[in-house]
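Visitor: Would you mind keeping the following structure in view while I ask a few things?
The values are calculated or read from the model by the stated rules, or taken from the named source; none is laboratory data. Every value quoted in this text rests on a predicted model; they were computed, and no experiment measured them. Reconstructed Cβ throughout: ideal geometry from the backbone, glycine too, with neighbour counts over all protein chains shown. Accessible surface is based on the protein model in full, side chains and every heavy atom, while ligands, DNA and RNA are left aside. Shrake-Rupley method; radii C 1.70, N 1.55, O 1.52, S 1.80 Å.
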Amino acid sequence: MVSMRFRVMTYNIHRAIGIDRRFRPERVIRIIGTYEPDIVLLQEVDDGVPRSRRLNLGLELAQSTGYPYLAIGHNVTLRKGRYGNATLSRHPILLERNIDLTIGTLKRRGCQHTAIALGDPGGRTHRLEVFNLHLGLSARQRELQVALLARSRELASLPPSAACLVGGDFNDWRSQLTPVFTGPMQFQSATESTARGEKTLLTYPSFFPRGPLDRIYYRGPLALFAAKRCRLRISRIASDHLPIVADFEIR
């Protein structure tokens, strides 16, 4: 059996503006560099916005941390600039699409889909489907958004046997979406408490985590080896969320 291991991080970086209200992308760069994930799922990533020095923040972070592949999905347009999700990868991104998860006249939300070609040391390639999302603030809105995602061409066309990850900021305080993902959508959770004794990973607010807002679900030929939240002291102020890091094997 051919297999390889890889690491994923999901992180709502809050535009790289910390809880001290200072724009400090170098803190996010340090956190990413410490864990060295193969794939990084970022939310609240500015592009051309004055509060973040009009930088293309996704590109800035990718270049500063040495990721050769980048996909950006803009969701919200401001008077000056835009922001949304960004996916950084050490492996080639084969395609990218942005799935609109906006409900009615509520704030625009989206899910970025990328297909990533994981290359192992033996020269083989393993295709991984990655969905990087940021859901809304109300339970009903999130329920409708997950239904949109499940019906989307990008996810609905994938067989359950395809290697697939869904990660990001779910804003799901009470784990109400978990039965949907682990039931009809046939995913497993990398971040929920289990019968083996693992505890649900609490990530918000960063300085005193009480809510499991950031999550990763997976299915297909993927095995989870470990999942943890960042415990670096700097992560308590770098954003209002803590990042999650998960190690997988694809077979």
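Table: residues versus (1) touching a Pro at 6+ places or on another chain (Cβ under 8 Å); (2) farther than 29 Å from Thr102 by Cα; (3) modelled with pLDDT under 95.
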| site | (1), (2), (3) |
| --- | --- |
| Thr10 | yes, no, no |
| Gly18 | no, no, no |
| Phe23 | no, no, no |
| Leu42 | no, no, no |
| Arg54 | no, no, no |
| Gly58 | no, no, no |
| Thr65 | no, yes, no |
| Leu70 | no, no, no |
| Arg82 | no, no, no |
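Visitor: For the stretch 85-114, which positions are free of Cβ contacts under 8 Å to residues at least 40 places away in the same chain, open to solvent by less than 50 Å² (accessible area, probe 1.4 Å) and closer than 22 Å to Ser52 by Cβ?
Guide: Arg109, Gly110
Visitor: Another question, if that's okay. When only residues in the stretch 179-220 that are more than 21 Å from Ser157 (Cα to Cα) and β-branched (Val, Ile, Thr) count, which is surrounded by the fewest Cβ atoms within 10 Å (Cβ to Cβ)?
Guide: So the residue we want is Thr194.
Visitor: Can you give me the ranges of the helices (runs of 4 or more DSSP H) entirely in the stretch 120-200 with at least 3 residues that are more than 17 Å from the chain's Cα centre (by Cα)?
Guide: Numbers: elements: 139-151, 153-156, 178-182.
By residue number, 139-151, 178-182.
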